[in-house]
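Only the coordinates and a few stated rules stand behind these numbers; no lab work does. Everything numeric here is computed off the predicted structure, so don't read it as measured data. Every residue, glycine as well, gets a Cβ built from its backbone with ideal geometry; the counts of neighbours run over all protein chains shown.
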Amino acid sequence: DKKQSLAGKKVIVSAAGTREPIDPVRYISNRSSGKMGYAIAEEAAQRGADVVLVSGITNLPAPENVKVIKVESARDMQSNIEQYFPDSDITIMAAAVSDYRVKEVAEQKIKKSDEVMTIELVKNPDILKGLGEKKTDKQFLVGFAAETQNVLEYAQGKLQRKNLDMIVANDVSQAQAGFNVDTNIAKIITRDGQIKQAPLMKKTELAQLIFDIIEEKMNIKA
Ligand code: PMT
C-alpha cells in the first residue's frame, strides 16, 4: 500500500483519443490507447486522491477508486473537464485531442461519388490552453507534448503558451514511446526550467515519477 500523499486532493486526468464524427458511421481519430492517462489516474487514486478520469475512446477497464466519464469529441471532453476544473488541485491532460473537427457533419451516410472528395475541417478549442488561462496559483496544471521532432523546443513552447506548471514531452517517433505501447520515454519539464530525462520505462512507472515531481513542486510532504 502506498503512502496517502494525495489524500484530500482533487485530481482531473484526461486520457485516450477523441473521436470527431464525419457522418453517422465514420469518424476522425488517432492512435492513442489511453494507457498513459489511465496509468496516471490509477497512480493518483493509489496515493489517496479523489480522481476524475475524463476518457476518450478506449476499452481499458476503469481503474479502482476512479470516477470515469466517457466522452467522444474534443468539445465533449472540454465541457466535462471544465465542469470539474474550478474545484480541482491538479489537472493532467494526457489525452490526444483532435485539433480539428469536421465543419458540417453529414446527417446521412455519405455516398461514394467522385474520385476525389474533400472534407472541410475547423479548429477545435485547445482545452489545455483554456485551463491555463483560468487557473489560479494554487492549481497545478500538467500537459503532455507528443512530438516527432524538436521535442524539447516544441514542448517548452507549449509550456509557456499554455501557462502550464509542467509538461511531459514524449518523442513519439521512437518505437517504445508514445502511442499504443506499454512503455514511454519522456522529458519532464517544469515551469522553473528544470528538465528531468525519464529513460525507457513502463507507463505505470512514468506515472509514479510524474507524481513524485508534482508533489515536490507543490511542496506536498508525505
Ligand atoms: O494513450 P496512449 O496510447 O498511452 O499514448 C499516450 C500519448 C502519446 C497519447 C500521451 O503520452 C500524449 O503525449 N498525450 C498528448 C497527445 C497530444 O495530443 O499532444 P499535443 O502535443 O498535440 O497536445 C499538447 C497538449 O495539449 C496535450 O496535453 C493535449 O492533451 C492538449 N490539447 C491538445 C489539443 C487540443 N485541442 N486541446 C488540448 O487540450
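Rank the residues Asp165, Asp182, Asp1 as a footprinting-exposure proxy: fewest other Cβ atoms within 10 Å of their Cβ go first.
Asp1, Asp182, Asp165
Cα extents for segment 1-79 along the principal axes, largest to smallest and rounded to whole angstrom: 47, 22, 14. Here the extension length gained between Lys221 and Lys103 equals 37.7 nm, from 0.36 nm per residue of separation less the Cα-Cα distance. Distance between the C-alpha centres of segment 1-37 and segment 109-172: 14 Å, rounded to the whole angstrom. In summary, the convex hull built on the alpha carbon positions of segment 97-222 has an orientation-averaged projected area of 11.2 nm². Cβ-to-Cβ counts within 10 Å put Asp76, Asp114 in ascending order as Asp114, Asp76, the fewest first. Put a plus charge on the Cβ of each Lys and Arg, a minus charge on the Cβ of each Asp and Glu, and nothing anywhere else: the dipole of the chain about its Cα centre is then about 140 debye. Footprinting exposure proxy ranking of Thr58, Thr118, fewest other C-beta atoms within 10 angstrom first, gives Thr118, Thr58.
Taking amide H as placed 1.01 Å from N in the peptide plane, the amide H of Val68 sits under 5 Å from that of Leu53, each at least 5 places away or on another chain.
Taken one residue at a time, the phi angles of segment 109-116 give Karplus couplings (6.51, -1.76, 1.60, θ = phi - 60°) of 4, 6, 7, 5, 9, 5, 5, 10 Hz. Gly and Pro are set to x.
For segment 85-101, putting each phi into the Karplus relation 6.51 cos²θ - 1.76 cosθ + 1.60 with θ = phi - 60° gives couplings of 4, x, 9, 8, 9, 9, 10, 10, 9, 9, 5, 9, 8, 5, 6, 10, 10 Hz, in residue order, rounded to whole numbers and with x for Gly and Pro. Considering every alpha-carbon pair of segment 142-202, the percent of pairs per 5 Å bin, from zero through the bin containing the longest distance, is 4, 22, 32, 24, 13, 5, 0. An ellipsoid equivalent to segment 88-168, defined through the eigenvalues of its Cα gyration tensor, has semi-axes of 34, 16, 10 Å when rounded to whole angstrom and sorted largest first.
Residues in segment 60-73 carry Karplus couplings, in order, of 4, x, 5, x, 4, 6, 10, 7, 9, 10, 8, 10, 10, 7 Hz; the curve used is 6.51 cos²θ - 1.76 cosθ + 1.60 with θ = phi - 60°, and Gly or Pro positions show x. Comparing Val181, Val122, Val172 in a Gaussian network model of the chain, where Cα atoms under 10 Å apart are tied by springs, the biggest mean-square fluctuation is seen for Val122. Residues with amide H under 5 Å of Met201's amide H, sequence separation 5 or more or different chain, H placed in the peptide plane at 1.01 Å from N; which? When sequence neighbours closer than 5 places are left aside, the close amide H contacts are Asn184. Between the listed residues Gly178, Leu200, Ala106, the Cα displaced farthest toward the positive end of the dipole of segment 10-217, a dipole computed from Cβ unit charges relative to the Cα centre, is found at Ala106. Each Lys and Arg adds +1 at its Cβ and each Asp and Glu adds -1 at its Cβ; summed about the Cα centre, segment 97-189 shows a dipole of about 300 debye. Residues considered: Ser73, Ser113, Ser29. Largest GNM mean-square fluctuation over the chain, using C-alpha springs under 10 Å, is found at Ser113. The stretch between Gln160 and Val122, if pulled fully straight at 0.36 nm per residue, gains 11.2 nm over its current Cα-Cα span. Orientation-averaged projection of segment 10-217 equals 12.3 nm² [convex hull of Cα atoms, one quarter of hull surface area].
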